[in-house]
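Take a look at the structure below.
A short reminder: the numbers here are calculations on the coordinates, not readings from a lab. Being a predicted model, the structure only gives us computed values, none of them experimental. Please note: Cβ atoms are built from the backbone with ideal geometry, for glycine as well, and neighbour counts cover all protein chains shown.
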Amino acid sequence: MSEKRKKVAIGLLGSGTVGEAVQDFIFDGLKGKIGGDLQLEIVKVYTRRPKGKKWQRSRPSLFTANPREVVDHPKAEIIVEALGFQQERQLDGFKDLIIRALKNGKAVVTADKAVLAKYGKEIWEAVAKYRGELRFEACVAGGVPIIRSLRESFAAEEPEAIYGIVNGTCNYILSEMGRNGKSYEAALREAQQRGYAEANPSADTGGRDAEAKLILLAAVAFGLHLKPGQLWRNGIEEIHALDFLYAAQKGRSTIKQLVMARRENRSVETYISPVLVPEGHVLAAIDGATNAVFFKGKRSGEAARDWNYLFAGPGAGGGPTAVAILGDVCELARGRGGAPRGPLNLFRSGSPAVLAKTERIRGSFYVRLVVKDRAGIVGDICQTLGKAGINVSEIWQLDHSREEREALALSCRIKENPQTILPFVITLERAAVGQVKKALKVIEGRSYILAKPLWFPIWRNE
Ligand SMILES: NC(=O)c1ccc[n+]([C@@H]2O[C@H](COP(=O)([O-])OP(=O)(O)OC[C@H]3O[C@@H](n4cnc5c(N)ncnc54)[C@H](OP(=O)(O)O)[C@@H]3O)[C@@H](O)[C@H]2O)c1
């Protein structure tokens, strides 16, 4: 067999967890030989502080602290962007580097969902203007090949809905709470010790990281151009171990942090939120730092039917992310003529969908309340919900130990004697988010309410 391989020169922006893993594959593991036909070579690596980087010792001239030496490098055909940011304004500079690379005629592969979510429009305009190429498989669900599947493999499917577990930190924390009864704080601490959560975990636990990924998924599947801040976003910080008891014992369910984009007529509903997922559903079984995307396709016409697909795998970490990056690099290196340009679902006909207003998103909901134990409360709550046109489906109440009440009081910062507090759950029949918000605002103002009601969607049978 001929050993002649096509040479591909790469410029690398970033030498952190991901950038270094890309170098490991090329310098060490695969020695640049990929797929039997390619010989990858890194011609320049940018990092803020090159000194002391793993591969800098043996290849000092490869490293630079000037990113322009990478994007302007005459030999580099493909620029891999694997930069991290501390403050959002730094993304502006990353966007400029991507656009400069495109202007220089280079193809770009990025792992940086934040820059694409925030500056997607400008970046895709530059791709079109300079007739360039951009790939971003590594941005969503790490090593799981979901973007390519949505863009190409599902060309014959009509996307109906996408549900994803795309944040390993949240999934790890919730899995530990659900499986091992840990408190939120203990599960978070453990995630940090194992390297699954940052010292400041708020971008993950508050849903901002998942929001950026949902923006990319919704662009690819539905042609939506969304911006951070436009979507209904709930984090996991208020979930308590007790919620898992109600979910399991009363609802035969568990709680998962999901991203969702679902077509409803001509609009697309989206959210990032904890969701009550039935124990029997495949997504309920996705534990730990694993990521998964559940895609529901539809076929209209005479042979109408729905098909469900599940993608799952390692969602983060240098190795899996580098695998996704190098997959994109190979695709570009092989010159995939005719591959779709831009994130729009260009391979589908029809006008792009519009984002449904948050207030109009409809669903059934889980509502956990913590009240001062006295008569008449449930009646008042049901009446208030009824006035807002919302039907109560079930009321769930469990006996709680002294320790459970104390833990709840502590995490909800309730000053009352823990023995006098009463947690319980109400499930609501289908209603609009706007209706529920309004009714809960009234209920929250009642003197018997001790903590802000926690509420989130219940899985809709798909
Ligand atoms: N880690 C994962 O599992 C994962 C998975 C999927 C996608 N991603 C994405 O991949 C990208 C890189 O992630 P990572 O985990 O490798 O991050 P990281 O370990 O923090 O490395 C970030 C790199 O960017 C450089 N950098 C940081 N702040 C910068 C700034 N303000 N200006 C210029 N350069 C800066 C760093 O330079 P120094 O080395 O000199 O500090 C480093 O080379 C991010 O966009 C991330 O969202 C990461």
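Brief remarks on what is shown
- Nearby lysines by direct alpha-carbon distance to Lys213 (threshold 20 angstrom, same-chain neighbours under 8 apart not counted): Lys95, Lys113, Lys118, Lys121, Lys227, Lys256, Lys296, Lys357
- Taking every C-alpha pair closer than 8 Å and separated by at least 6 residues, the mean separation divided by the residue count of the chain gives a relative contact order of 15 percent.
- Net charge dipole size for the chain [Lys, Arg +1 and Asp, Glu -1 on Cβ; Debye, nearest 20]: 1200
- Alpha-carbon centroid distance for the pair segment 133-147 / segment 424-462, whole angstrom: 36
- Lysine-lysine proximity count for segment 359-458, Cα under 21 Å, sequence distance 8 or more or distinct chains: 11
- Dipole magnitude of segment 359-458, debye to nearest 20 (Cβ charges: Lys/Arg +1, Asp/Glu -1, about Cα centre): 480
- In summary, the lysines within cross-link reach of Lys33, defined as a Cα separation below 26 angstrom excluding same-chain residues under 8 places away, comprise Lys4, Lys6, Lys7, Lys44, Lys53, Lys54, Lys75, Lys106.
- Separation between Cα centres of segment 232-300 and segment 20-66, rounded to whole Å: 39
- Prolate/oblate/rounded label for segment 6-135 (Cα gyration tensor, a/c 1.5): oblate
- Dipole in debye (nearest 20) - segment 120-203, about Cα centre, beta carbon charges: Lys, Arg +1; Asp, Glu -1: 220
- In segment 385-453, one over the average inverse separation of all distinct C-alpha pairs is 13.5 Å, which is the Kirkwood hydrodynamic radius.
- The tail of the calculated P(r) for the chain beyond 29 Å holds 52 percent of all Cα-Cα pairs.
- Positive-end extreme of charge dipole, segment 6-135 - chosen from Tyr119, Ser15, Leu102 (charges on Cβ): Ser15
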